[in-house]
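See below for the structure under consideration.
Each value in this text was obtained by applying a stated rule to the coordinates, not by laboratory testing. Because the structure is a prediction, the values reported are computed rather than measured. Cβ placement follows ideal geometry from the backbone for every residue including glycine, while neighbour counts extend to all protein chains displayed.
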Amino acid sequence: MSCYLCAYQRIEVPQKGQPLPAGSPVAVHDDLATCSTCRVWACSLHGTRYGVFECAICMPASATKRALIAGAPPSVPGAAAAVQAHQAGTRASEAMRGRVAAALNRVRDDHQKARIQAVASLVGPTTDEPNVVGNLAEVIRKQADLQRGFVFNVRGRETSGTMAIEPIAAAVRTTFGSVELAEFTPEVVVTVTGALILATQTADAGSRATLASRVLGPQEIPAPWTVTHPALLDPVLWMVGTAYQLVP
């Protein structure tokens, strides 16, 4: 076995969660356990255990879903992730949190439109219009000027490739299409801000240095389609990150 995140990204500057103690018989990049949410293997630097083990991809997504979905069932991953994300969100500037609040308003508006315009389809979007909930792929295509169906998978690496964005959009529709959204309180905004920061630092090599005590400005969140490893962004953070880029 091997850690999923180590397999998909360079690991010279990995993100630390719960580091191994000195003298541990396990190397830092050895797989430790399977993520309780997505079931991939993760190592000590790309996974944390607070009651249950969760990888660095799913942790910010769990926090976001916990914050945004009204009546989300209590869960150990969601509760622990929300606390970690909230702590990260306190390092963001007021400008960044304000931009996240505006992005969440876009999510709410598009969520309402998508539910009103919903069409019966097994695999298609719920609306033909650009909509971050019902048709995220169309929003991304317009923003990134992409050919239909694909977004660049890597940037400035030895290898290159593409990944389909329609499945990402389908995952967002499935997650948010049939739920009610929570009230977007200041606490929710801070939590989602932190989740966006943590997700970006996992998926984008150029953003790792921003994990510091200094205040983070709004320009430090790149678009999901420009990060070095977009495959390491959960669809939920693709939605929030795309809405974030739409804010003037």
Subject >> For residue 163, distant residues with modelled amide H under 5 Å away >> reply: 151, 153
**OP:** Neighbouring Cβ atoms within 10 Å as the yardstick, rank 59, 163 fewest first.
**Re:** 163, 59
**OP:** List 187, 94 from most exposed to least, where exposure is judged by having the fewest other Cβ atoms within 10 Å.
**Re:** 94, 187
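How would 111, 29 line up from fewest to most surrounding beta-carbon atoms within 10 angstrom?
Ascending number of Cβ neighbours within 10 Å: 29, 111.
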Original post:
Can you give the FRET efficiency for residue 142 and residue 183, using 1/(1 + (r/R0)^6), R0 = 25 Å, r = Cβ-Cβ distance, to the nearest 0.05?
Top reply: 0.25
